[in-house]
1. So, restricting to helices (runs of 4 or more DSSP H) that lie completely within segment 1-68, which ones have at least 2 residues that are over 24 Å from Arg107 (Cα atoms)?
2. Looking at segment 27-38, is at least one residue in contact with a Pro (Cβ under 8 Å, 6 or more places away or on another chain) and hydrophobic (A, V, I, L, M, F, W, C)?
3. Could you say whether any residue in segment 17-28 is over 24 Å from Glu102 (Cβ atoms) and modelled with pLDDT of 90 or more?
4. Picking from Val71, Val123, which residue would you name as being over 21 Å from Pro41 (Cβ atoms), buried (at least 18 other Cβ atoms within 10 Å of the Cβ) and in contact with a Cys (Cβ under 7 Å, 6 or more places away or on another chain)?
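The values are calculated or read from the model by the stated rules, or taken from the named source; none is laboratory data. If you're wondering where the values come from, they're calculated on a predicted model, not measured in any experiment. Because the Cβ atoms are built from the backbone with ideal geometry, glycine has one as well, and the counts that use them run over all protein chains shown.
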Amino acid sequence: MTSPISHHEALLFVMVTMSAVDRQMTDEELRRIGQIVQTIPVFRDFNEEDVVSVAESCGGYLAQDEGLKNVLNMVAESLPPKLYETAYAVAVEVAAADLRVEQEELRFLQMLRDTLNLDKLTVAAIERGARARHRTI
């Protein structure tokens with residue numbers, strides 16, 4: 001059984017899990033999480049000082065048996081469906097932050113989109129947009 005979390009926590013759980021899934025939470029990924037919390041409208045009423053405690057809470061869940069599965073279920077149960085695309089978009093942003101996406105990150109994205117039942121066109125558009133934003137010369 002999973003505990004209920006707020007939509008802010010659910011989105012942070014997605015970002016923290018994405019950053020941690022390859023066992024390397026890079027400075028770029030952590031910086032990007034902070035930027036997302038500061039800039040996207042869904043976090044407008046969120047206290048930024050709570051990011052660390054939410055990240056620690058997420059880490060605690062991930063360390064448990066079936067941790068990743070339970071975190072994904074909590075995210076799906078805690079977010080209204082209109083925020084499913086937002087959850088996927090913030091995951092992609094964190095994955096792209098260090099300009100390389102590892103196999104573990106790709107697998108987590110697949111698990112997230114399956115859990116949230118996102119359609120292929122939506123997923124492709126979100127990924128293409130992130131690729132365009134993070135492209136370098």
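1. Per the criteria, 27-39, 51-63.
2. The answer is no; no qualifying residue exists.
3. No, segment 17-28 has no match at all.
4. Answer to the check: Val71.
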